[in-house]
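What follows is one structure encoded as structure tokens, with my remarks underneath.
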Amino acid sequence: MPTLLEIALYFILLSLVSVGGIPSVMPEMQRIVVEVKGWMDPAAFTQMFAVAQAAPGPNVLVTALIGWKSAGIAAGLVALAAFCAPAAALTYWVGGYWDRMREAPWRKVFQRTLIPVTVGFVAAGGYVLATPLGLDWRGVLIAGVCALTLFLTRLNPLWLLAGGGVLGYFLYQ
Amino acid sequence: MAPPDYAPPRSLWALYLGFLSIGARSFGGVLPWAHRVLVEEKRWIVPADFAQVLALCQFLPGPNVGNVSVVLGRRWFGARGAVVAFLGLMALPLAWVFALALLYAGYAADPAVRAVVTGAGIAGGGLFIGTALKLARPIARRPWGVAIGIACFAALAIGRVSLFAVLPVALALGWLAARSGRL
């Protein structure tokens with residue numbers, strides 16, 4: 001079982017590279033927690049993510065559940081604080097300068113740089129969450145239908161999560 | 001200039017309650033509720049200003065709306081405001097997510113419950129992929145953008161390369177492509 005210090009260090013590191021928020025760091029979080037450290041299996045990771053999605057609130061709360069599942073409730077609070085604090089400090093510090101740089105050419109170049117990078121990161125996060133049992137047809141079906149419906153329609157995503165739960169009930173027993 | 005009916009919160013307590021009400025209602029995503037409370041209900045900030053703050057917060061690391069609470073809390077009440085707004089946003093959702101996880105732990109041995117939650121988690125993964133497709137619209141006709149996006153996906157999802165190795169390389173390539181007008 002990981003120590004609180006270990007949890008804190010990993011989530012501080014994740015915090016600093018979470019450009020685009022939680023979705024961007026899901027692949028790395030899953031890689032560390034499941035593949036490198038073995039604190040839980042991929043199915044448990046996807047289930048914790050589902051529980052966090054089902055609760056109201058910022059999706060950053062998934063860090064609290066992953067920490068909790070890894071090493072108890074204190075680790076959950078440590079993971080959440082470690083993930084939020086460095087980014088919040090950076091935001092606090094940068095917040096005053098941003099508006100002054102509104103017309104700076106480098107800011108526009110950087111915003112364009114981030115688009116394809118974020119696209120790749122978020123898609124990878126989706127892939128690791130959607131394949132807790134490896135690449136099987138059931139997961140491809142559920143994730144594919146949800147991805148296309150979200151892309152093509154304005155349906156509330158909560159219906160898609162609920163629909164995924166119903167399909168899971170019939171496909172995964 | 002802000003129209004006269006837009007005014008910052010009067011006290012730290014009002015700020016706390018405002019962000020508490022965002023967190024309390026934010027089923028299925030915080031951003032729509034942040035906009036509704038801050039811009040439409042409380043009228044603390046004008047729409048264009050909110051969009052600017054959000055652009056900053058999406059560009060910085062960390063939870064987007066969490067960052068919004070830090071920037072606005074700081075603007076109105078300094079460091080105390082930043083802390084109060086952030087804690088207000090997180091307080092109720094944190095309690096609920098732990099309650100839900102405890103409830104789930106009680107039923108996790110039931111294969112039916114586990115199947116439903118697994119299906120919902122996979123659907124959530126699908127939503128990420130759908131979101132990535134939406135984000136990709138501006139680069140869909142830019143070969144460099146598509147190539148960088150696919151390379152990032154393949155390295156992280158298939159190759160399971162660490163984000164800490166992928167991010168610097170991806171940013172460097174993206175920067176070169178963006179600076180030469182290819183993105």
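Volume per residue for the protein assembly as shown equals 130 cubic angstrom (convex hull of Cα atoms).
Share of chain B's accessible area from carbon and sulfur, percent, 1.4 Å? Within chain B, the accessible surface is 68 percent carbon and sulfur. For residue A:69, which aspartates and glutamates qualify as cross-link partners when the Cα separation must be under 19 Å and same-chain residues fewer than eight apart are set aside? Within reach: A:6, A:28, A:35, A:41, B:110.
Legend: P(r) of chain B from all alpha carbon pair distances, 10 Å bins from 0, whole percents, reading 8, 25, 26, 27, 13, 1.
If R0 is 56 Å, the Cβ-Cβ spacing of residue B:103 and residue A:106 corresponds to a FRET efficiency of close to 0.70. In the stretch A:127-149, burial by the other protein chains removes 50 Å² or more of accessible area from A:127, A:147, compared with the chain on its own (1.4 Å probe, ligands and nucleic acids ignored). Residue by residue along B:98-106, Cβ atoms of other protein chains within 10 Å of the local Cβ number 5 on average. Within the assembled protein chains, the solvent-accessible surface assigned to residue B:110 is about 70 Å², based on a 1.4 Å probe. Taking a sphere under 12 Å around the Cβ of residue A:44 and counting the other residues whose Cβ falls inside, with K and R at +1 and D and E at -1, yields a net charge of +1.
Other residues with beta-carbon under 15 Å from the beta-carbon of residue B:14 carry, at +1 per Lys or Arg and -1 per Asp or Glu, a net charge of +4.
Applying the Karplus relation 6.51 cos²θ - 1.76 cosθ + 1.60 with θ = phi - 60° to the stretch B:64-80 yields 3J(HN,Hα) values of 4, 6, x, 5, 4, 5, 5, 5, 6, x, 5, 4, 8, 9, x, 4, 4 Hz, where x marks Gly and Pro. The residues of chain B expose on average 46 square angstrom of accessible surface per residue, using a 1.4 Å probe on protein heavy atoms.
Accessible surface buried at the B:A interface totals approximately 8000 Å², computed with a 1.4 Å probe on protein heavy atoms. Calculated [222 nm] ellipticity per residue, helices only, for the protein assembly as shown: -24000 deg cm²/dmol; basis is -39500 (n - 2.57) per DSSP H run with n ≥ 4, divided by all residues, nearest 500. Rolling a 1.4 Å probe across the protein heavy atoms gives chain A an accessible surface of 41 Å² per residue.
How well do other chains shield peptide A:60-66, expressed as the mean number of their Cβ atoms within 10 Å of each residue Cβ? Mean shielding count: 5. Shown for the stretch B:146-166: residues covered by the partner protein chains by 10 Å² or more of accessible area relative to the chain by itself (probe radius 1.4 Å), namely B:148, B:149, B:152, B:153, B:156, B:157, B:158, B:160, B:162, B:163, B:164. Note on B:50-62: average number of Cβ atoms from other chains within 10 Å of each residue's Cβ is 6. In the stretch A:73-173, carbon and sulfur make up what percent of the accessible area (probe 1.4 Å)? Of all accessible area on the stretch A:73-173, carbon and sulfur atoms account for 72 percent.
The values are calculated or read from the model by the stated rules, or taken from the named source; none is laboratory data. Treat the numbers as computed from the prediction; the structure is a model and nothing was measured. Neighbour counts run over all protein chains shown; Cβ positions are idealised from the backbone, glycine included. To get the accessible areas, we keep the full protein, side chains included, count just its heavy atoms, and leave off ligands, DNA and RNA. Shrake-Rupley method; radii C 1.70, N 1.55, O 1.52, S 1.80 Å.
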